[in-house]
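The structure appears right after this line, and notes come after that.
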Amino acid sequence: MSTKKLAVIGGGASGICSAIEAKYRDNTIDVTVFERLPKVAKKILATGNGRCNFTNENLSPVHFHGDTFFLRKVLTSSYADTENYFRSLGLISYSEDGRIYPRSQQAASLRDILIQKLNESDVTVKTETPVTDIQTVKSGFKVNGEYFDAVIVSGGGNAAAVHGSDGSCYKLLEKLGHTKTPLYPALCGLTVSDKNLNILKGVRAEAKASLYCGNELLGEESGEIQFTDKAISGIPVMNLSHLCKNNKDLSLSIDLCEEISQNELREHFKIIKNSAPERDIETVLSGVVNTKIGFAAMNKSGIKPHTKIGKLSPALAEMLCNVLKNFTFTVTGTKGFDNAQITCGGIKTTEISPDTMMSNIISGLFICGEIVDIHGDCGGYNLHLAWTTGRIAGNAAAEYIINKG
Ligand SMILES: Cc1cc2nc3c(=O)[nH]c(=O)nc-3n(C[C@H](O)[C@H](O)[C@H](O)COP(=O)(O)OP(=O)(O)OC[C@H]3O[C@@H](n4cnc5c(N)ncnc54)[C@H](O)[C@@H]3O)c2cc1C
């Protein structure tokens, strides 16, 4: 009997896991990973700021976005399954507020263990080998002209092309009859226009960010916000970025005093106005927020520097409270695919079986990882999807090849 062959297109998180899983299911299958870069798993090194936040203790559905039926079918394993899977490969992990990292605090540990396992499993890795052509032939496929019994496409999305995923696999799948939903950069900062950003740049603050389209609230998230040159970033904003899509009339309202009600803020200023009327507003504000936020809030409210609190009109005092609770920025866009961690959108889930990740259009073709139209929040959710869908695809592809006989 001739050796059966499986091709994996893309040596990233999902592809590597799928290859390892296929070999684990049946080690007589000849598995080849095709990777366009000189090394596999380059992106993993960049994840979690070099520490690789690879799953999360809280896998609640609210942290995943896309086809809920599909996601429910795919996400049957717990975070502990993922943690134990990596433990079985030799990686000990630890939790930081529910986010799971390698104990070494080095993404390279996880990357190295995956590469080691690929080698130990006798997977052939062809680096610097971009796949430019997949064709269906009698009872199988030709990948760059070479015959395979089944193919797993795990080439990632459009985000962060510098780490390898250049979107080429969407085109390969489209040529095979698949369709993709519109693609948007996600888990990235939002570009905003407001002259106060000049004052705020460099500031980090705990705050609540609310994204609006006109008057409609699209979503809100709390956490550390970062003001940069022309953008606002930080995990809460990154988690909202997937809601921007092509929407016009977007604005971001930042509550810079989330745990203090507007009433409490008003009362606080009133007390100081009565007890210390000669105090500058900037000094009053420095008792509440970061100094730069105080200056920006005064500027936005139209309050002149060195205004004494005793001289502040009730209308301006109210305006200041409003600005601190709803500092609103016009959103001009996102930081784009180059600065995004993931792609929102992808190959339609209705064209893939969630039980096997096999194409509903072509038998023997499996699709996994970020290329599929599902995604997660910041916090280990996207790698969790990559490992999980990769393992399902690898196991099912091996099963498919075995049953093919
Ligand atoms: C800076 C950054 C930080 C991140 N941090 C986290 C984090 O901490 N936690 C988390 O959960 N997620 C994080 N993510 C997201 C996560 O890394 C991705 O969602 C995940 O890697 C997707 O896995 P994948 O296997 O689908 O695709 P990828 O990891 O992108 O791998 C795809 C691979 O396929 C190769 N390839 C593409 N096309 C071809 C082709 N035609 N032929 C051959 N090879 C091809 C690419 O070179 C690449 O190696 C981060 C992303 C970035 C960019």
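Values quoted throughout were computed directly from the atomic coordinates according to the rules given, and no laboratory measurement underlies them. Just so you know, these numbers come straight off a predicted model, no measurement behind them. No Cβ is skipped: glycine too gets one built from the backbone with ideal geometry, and neighbour counts run over all protein chains shown.
Would you compute, from DSSP H runs of 4+ residues alone, the mean residue ellipticity of the chain at 222 nm, taking -39500 (n - 2.57) per run and dividing by the full residue count, rounded to the nearest 500?
Result for the chain, helices only: -10000 deg cm²/dmol.
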For a quick check: sort Asp133, Asp67 by the number of other beta carbons within 10 angstrom, fewest at the front. Asp133, Asp67
Note on the range 1-144: contact order normalised by length, alpha-carbon pairs under 8 Å, 6 or more apart, percent, works out to 31
Restricting to Cα pairs below 8 Å that are 6+ residues apart, what does the relative contact order work out to for the range 189-335? Please round to a whole percent. 32
Sum up the charges of everything whose Cβ sits under 15 Å from the Cβ of Leu320, counting Lys and Arg as +1 and Asp and Glu as -1, but leave Leu320 out. +3
Rg followed by Dmax, in Å, when the range 88-201 is reduced to its Cα trace: 20.2, 65
Using Stokes-Einstein with the Kirkwood hydrodynamic radius over Cα pairs, what translational diffusion coefficient do you get for the range 23-156 at 10 °C and a viscosity of 1.306 mPa s, in µm²/s rounded to a whole number? 93
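Total Lys pairs in the range 248-405 closer than 15 Å by alpha-carbon, pairs eight or more apart in sequence or interchain only?
7
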Which one of Leu385, Phe295, Leu218 is farthest out on the positive end of the charge dipole of the chain, using unit charges on Cβ (Lys, Arg +1; Asp, Glu -1) and the Cα centre as origin? Phe295
Degrees between helix 107-120 axis and first principal axis of the chain (Cα, 0 to 90, nearest 10): 10
Rounded to the nearest whole Å³, what is the per residue volume of the convex hull around the Cα atoms of the chain? 136
Convert each backbone phi in the range 35-41 into a coupling constant with the Karplus relation 6.51 cos²θ - 1.76 cosθ + 1.60 (shift: θ = phi - 60°), then list the ³J(HN,Hα) values in order as whole Hz, x for Gly and Pro. 10, 6, 8, x, 9, 7, 6
Using 0.36 nm times the number of residues separating Asn58 and Ala161, minus their current alpha carbon distance, what extension gain do you get? 34.2 nm
Using alpha carbons only, how many degrees (0 to 90, rounded to 10) separate the axis of helix 291-301 from the longest principal axis of the chain? 70
Run through every distinct alpha carbon pair of the range 189-335 and return the Kirkwood hydrodynamic radius in angstroms, one decimal place. 15.6
When Val151, Val74, Val288 are ordered from fewest to most other Cβ atoms inside 10 Å of their Cβ, what list results? Val288, Val74, Val151
Taking the Cα atoms of the range 233-285, what is the range of coordinates along each of the three principal axes, in descending order and whole Å? 50, 20, 19
Packing-ranked peptide list from 186-193, 387-394, 171-178, highest mean Cβ count within 10 angstrom first, is 387-394, 186-193, 171-178
